[in-house]
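A quick write-up on the structure given underneath.
Every number in this text was worked out from the coordinates using simple rules, so none of it is lab data. Keep in mind that what you see is a predicted model, and the values were worked out from it rather than measured. Glycine also receives a Cβ, built like all others from the backbone with ideal geometry; neighbour counts cover every protein chain displayed.
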Amino acid sequence: MSLAIYLHYPFCTNHCSYCDFYKCLIDRDQERSFYRAVAQELKLAVKKYQLEGAQVDTIFIGGGTPSLTSPELLTNWINQLRKRFELSENLEFSIECNPESVNLERLEQFQELGVTRPTFGIQSFDTEILKILGRRHNPHHSQQAVYLTNVLGFDTFGVDLIFGLPGQKNEDLARDLAQLFALDPPHISFYELTVEPDTALERMVENKQVRLPDNDYSFALGKSGYEKMTKAGYKRYEFCSFAKPGHECRHNLKYWEGEEYLGLGPSAHSFIGNKRFNGVADLEGYISSLEKGELPHLEDQSTERERITEAIMLGLRLAKGIDRVKFSKRFGLSLEECMSREQYHLLVESGHLIPDKGFLRLSDEGMFIADEIARRLIPD
Ligand code: SF4
């Protein structure tokens, strides 16, 4: 059995205006309590789900801002993983970094600890936009972080870029992409800015302090970004994910393909033995449960139908599509049995949906409207 491990490191130095991830401001005492709780969670989860000795082939530390971590505490955590699991020789080990919070020493520490794939939240190269987003870095930090990553000879790395930014025009996106391509990242996560409820960005939009491109314009930006990335040699292997050949993120593929993963830390999701559960999104609650020896996990209450819908939606966002055999094994139903027959035929006829050697996938055009197609395919 091969397992993916996710750690949610919840600390940040500030709150970005658009962010709705679970996070809190960094406090070094609390960080120690957090890692103690994670150790306890690991121990209890391994016992409960009988994971002792499992082979781990991907680790992903997300957040929050994992690049703020205390190296000693992180080393400790990795040693605990080594004790309980067998870490694959071909381990993919990703860690999310904010460009301003890494330097040569920090990246070197990560490399020594076995990190193979730092990812950098670059988001934009426009200093004013970065300020609106509440980011602490500037374009120089991004360039420097990538430069140091190359100096250290990491095999691969990823960057995140956002489009649909306040006031963004096509030429602004083209400028951002040109600067990004100059850094030659092997992997790009290309996201549309979304206004999440109860965020500072939502208030700024409501107060008309900032104006976002309308849906049609944002759609056109996404399409133009896709075309530029394809031209620059990237392949879209998932709706938001672009990679040079061989640089796809194996960890994220596991989520999208319905493989097992154990999530540790507040708000982390897990999928083990066909069961899904989430860590509570509350650091103090998370720590105090584990101090009492209880796993702070909430069982996923979604119905089988909701899970099928999710598997179809996630699968259609993958360029290779949904694996029919895996799908039937997991749900005991064929893919067609879970879809509207009429819509299926219409979409195949229009060329948006392509039955392809054991997979069902979207055409390049269909990929732009993946969510809409999934909604049409799944009967009410
Ligand atoms: S650094 Fe990341 S997790 Fe922290 S507030 Fe900003 S976007 Fe959210």
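Taking the beta-carbon count within 10 Å as an exposure proxy, list K208, K235, K83 from fewest neighbours to most. Mind showing how you got there, number by number?
Numbers: K208 7, K235 14, K83 11.
Ordered by Cβ neighbours within 10 Å, fewest first: K208, K83, K235.
Could you tally the net charge around S289, taking each other residue with its Cβ under 15 Å from the Cβ of S289, Lys/Arg +1 and Asp/Glu -1?
-2
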If the rule is a partner Cβ under 4.7 Å, which cysteines in the chain fail it? C12, C24, C97, C240, C249, C338
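Within the chain, what's the longest run with no GluC sites (Glu not before Pro) in a DSSP loop and at most 13 other beta-carbon atoms within 10 Å? Give the range, please. Intermediate values should be presented prior to the final figure.
Numbers: sites that count: E52, E294.
That would be 53-293.
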Counting Lys and Arg as +1 and Asp and Glu as -1, what is the net charge of the other residues whose Cβ lies under 14 Å from the Cβ of K47? +1
Once you order the gyration tensor axes a ≥ b ≥ c over the Cα atoms, which shape class does the range 69-126 get: rounded for a/c under 1.5, otherwise prolate or oblate by comparing a/b with b/c? prolate
How many nm separate the modelled label positions at K83 and F21, each set 7 Å beyond the Cα in the direction of the Cβ? 2.8
Sort K43, K23 so that the residue with the fewest other Cβ atoms within 10 Å of its own Cβ comes first and the one with the most comes last. K43, K23
Please find the FRET efficiency linking D282 to A319, where r is the Cβ-Cβ separation and R0 is fixed at 51 Å, and quote it to the nearest 0.05. 0.90
Pairwise FRET efficiency - V348 versus H140, Cβ, R0 = 51 Å, nearest 0.05: 0.55
Would you list which lysines come within 19 Å of K292, measuring only between C-alpha atoms, while excluding same-chain residues fewer than 8 positions from it? K43, K47, K48
On a straight-distance basis, which aspartates and glutamates could pair with K131 in a cross-link, Cα separation under 15 angstrom, same-chain partners fewer than 8 positions away excluded? E100
Roughly how far apart, in whole Å, are the Cα centres of the range 72-121 and the range 1-49? 14
Measure up K23/K169; K228/K320; K169/K223 against 25 Å on the Cα-Cα distance and list the ones that go over. K23/K169
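Using Cβ counts within 10 Å as a stand-in for footprinting exposure, how do H187, H269 rank, fewest first?
Working: H187 22, H269 16.
Listing H187, H269 from fewest to most nearby Cβ atoms yields H269, H187.
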Counting only Cα, what are the radius of gyration and maximum Cα-Cα distance Dmax of the range 204-295, in Å? 19.7, 55
Run through all the Cα pairs of the range 2-255 and give the fraction in each 5 Å bin from 0, expressed as whole percent. 1, 6, 13, 16, 18, 17, 13, 8, 5, 2, 0
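First check a/c for the range 248-316, with a ≥ b ≥ c the square roots of the eigenvalues of its C-alpha gyration tensor; if it is under 1.5, answer rounded, and if not, answer prolate when a/b is larger than b/c or oblate otherwise. Each step should come with its number before you reach the end.
Working: a/c = 2.73, a/b = 1.78, b/c = 1.53.
Since a/c reaches 1.5 and a/b is larger than b/c, the shape of the range 248-316 is classed as prolate.
Residues with beta-carbon under 15 Å from that of L133, excluding L133: net charge, scoring Lys, Arg +1 and Asp, Glu -1?
Values: positive: K23, K131, R135, R136, R203, R211; negative: D20, E100, D126, E128, D160, D172, D176, E192, E196, E202.
Taking every Cβ under 15 Å from that of L133, the sum is -4.
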Count the DSSP beta bridges whose two residues both fall in the range 2-255, then state the antiparallel fraction as a percent rounded to the nearest 5. 15
